[in-house]
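Readers should treat all values here as calculations from the given coordinates under stated rules, not as data from a laboratory. Note that the structure is a prediction, hence the values are computed from the model and not measured. Cβ placement follows ideal geometry from the backbone for every residue including glycine, while neighbour counts extend to all protein chains displayed.
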Amino acid sequence: MIRLYDDLIIQVVCRIMIPLIQFFALYVIAHGHYSPGGGFQGGCILAASFILMVIAYDLDWMKKRFSEIKNTFMVALGIFIYALIGLICILLGAEYLNYGILHKILPADPIKVRALGTLGIEIGVGITVMAVMVSIFLNLTTYGRHEKGEV
Amino acid sequence: MKLFAIIIVFMTGAALIYSTLDMPDWGDPNSPASLHVSPRYIQKTIEEAATPNAVTSVLADYRGYDTLGETTVIFTAAVVCILLLRRFENDKTV
Amino acid sequence: MEIIIGKYNYWIYIALMMIGFYAMITKRNLVKKLVGMNIFQTAIILFFISTAYKKNATIPILIKSQEVIDPAQYINPLPHVLMLTAIVVMVSTFGVALAVIIMLYKQYKTLDEDEIIEQLE
């Protein structure tokens, strides 16, 4: 259904671009060890794809796919993953966030496992940054009401 | 008032420009900032952290606790935005 | 002449910082003050990034085949890390400040600093 003020070209292009943007964001998060990138950058790109959904379509279209409850949950989930990895390190008998000890539960030697621990916290940071950006954007642009505005 | 502000701004700028005369030159490889800890980060990042990207290894491994605190900062920003702005349909306050 | 070639990057960032500082202390509109604060923070971030640079060096991503690693070939990673955190803090302060400004506008129906102070008295 085409509504008033909808632009067909923008919507079709965004429908193609949004999965590519999300795929690129996951690449930036996961490939942060070998190229420029990491949790903050990838999280921002992932948030940009959701913001593009709101701009090109409307708020309800985006909230059907990524509801507010999920968003607020993911704000806390990312930082929980981060702190949990640190706590696992304590439980295995090392210092907080000393990933070398994770070789007891992960199949890698004590040096290589540090890269895996780094990847884990990058994922946590990426989830938090993505959810925070989307949350701040939605709350600022809709004055906290999360309704479709008048065009 | 505007003149006063311009005078303050230019005095600050002049003091800062005077202080840059003691700073190392642009692109100087022997500046104090790049001699203290950063050679160790660059040399040891593969054998200690198995990560060729030195920025990622410093961010998440050597200074992981710093990054945890800063993730808490943006978490707090989101919580503040939700608490200040979020209004529900049947909410009569404001 | 040597002084100009060696230090002009600092002077550019100081000029940018002066623009932001001027906007922060003279503008009466709160959003304009916020934009000034953002310019100020950008100047500081650029200053730190420029201290990381070494001549004829590349980004701090190591090449695995290299046997001996020479620190002079790679630029300093530490300012990049610190500024990555500073950028995120900048975004956080900007978001919270905009939220507070929206609440102020709802309460006082204006963004002008003087009019808000008038209404407070």
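Some values worked out for this structure:
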| item | result |
| --- | --- |
| Charge dipole (debye, nearest 20) of chain A; +1 at Cβ of Lys and Arg, -1 at Cβ of Asp and Glu | 260 debye |
| Qualifying lysines (Cα of each under 25 Å from Cα of A:Lys70; at least 8 residues distant if same chain) | A:Lys148 |
| Kirkwood hydrodynamic radius of chain C, from inverse mean 1/r over distinct Cα pairs, in Å | 17.4 Å |
| Which of C:Ser50, B:Ser57 has the fewest Cβ neighbours within 10 Å, and the rest in rising order | C:Ser50, B:Ser57 |
| Degrees, to the nearest 10: C:2-26 long Cα axis against longest axis of chain C | 20 degrees |
| Approximate spin-label separation A:Ile51-B:Leu3, in nm, with each point projected 7 Å along Cα-to-Cβ | 4.3 nm |
| Relative exposure of B:Ser31, A:Ser49, judged by other C-beta atoms within 10 Å (fewest first) | B:Ser31, A:Ser49 |
| Alpha-carbon centroids, region A:73-151 and region C:16-64: separation in whole Å | 28 Å |
| About the Cα centre, charge dipole magnitude for chain B (Lys/Arg +1, Asp/Glu -1 at Cβ), debye | 480 debye |
| Phi-based couplings in Hz for region C:42-48 (Karplus 6.51, -1.76, 1.60; Gly and Pro marked x) | 4, 4, 5, 5, 5, 4, 5 |
| Computed Rg/Rh of region B:33-87, alpha carbon atoms with Kirkwood Rh | 1.26 |
| Degrees between helix C:77-108 axis and first principal axis of chain C (Cα, 0 to 90, nearest 10) | 10 degrees |
| In order through region A:109-120: 3J(HN,Hα) via Karplus (6.51 cos²θ - 1.76 cosθ + 1.60), integer Hz, x for Gly, Pro | 7, x, 7, 5, 6, 5, 5, 5, x, 4, 4, x |
| Reachable aspartates and glutamates, given that their alpha-carbon falls under 12 Å from the alpha-carbon of C:Lys64 and they are not under 8 places away in the same chain | B:Glu47 |
| Principal semi-axes in Å for chain B [√(5λ), Cα gyration tensor, largest first] | 39, 33, 7 |
| Sequence-distant lysines (8 or more away, or on other chains) whose Cα lies within less than 20 Å of C:Lys32 | B:Lys2, C:Lys106, C:Lys109 |
| Debye log10 I(q)/I(0) at q = 0.08, 0.12, 0.14, 0.15 Å⁻¹ for the protein assembly as shown, Cα point scatterers | -0.52, -1.08, -1.27, -1.33 |
| Under 9 Å, Cβ to Cβ, from B:Pro29 - net charge with Lys/Arg +1 and Asp/Glu -1 | +1 |
| ³J(HN,Hα) computed for each position of region B:48-63 - Karplus, 6.51 cos²θ - 1.76 cosθ + 1.60, integer Hz, glycine/proline x | 9, 10, 6, 10, x, 7, 5, 5, 5, 5, 5, 5, 9, 10, 5, 10 |
| Unit charges at the beta carbon, dipole of region B:16-94: most positive-side option, B:Ile74, B:Leu85, B:Ser31 | B:Leu85 |
| Rounded to the nearest 20 debye, dipole of region B:33-87 from Cβ charges on Lys, Arg, Asp, Glu | 300 debye |
| Distant-in-sequence amide H partners of C:Tyr74 (H built 1.01 Å from N, under 5 Å) | C:Thr58 |
| Helical contribution to [θ] at 222 nm, DSSP H n ≥ 4, -39,500 (n - 2.57), averaged over the protein assembly as shown, rounded to 500 | -23000 deg cm²/dmol |
| Long-range amide H partners of B:Asn53 with built H, under 5 Å | C:Leu62 |
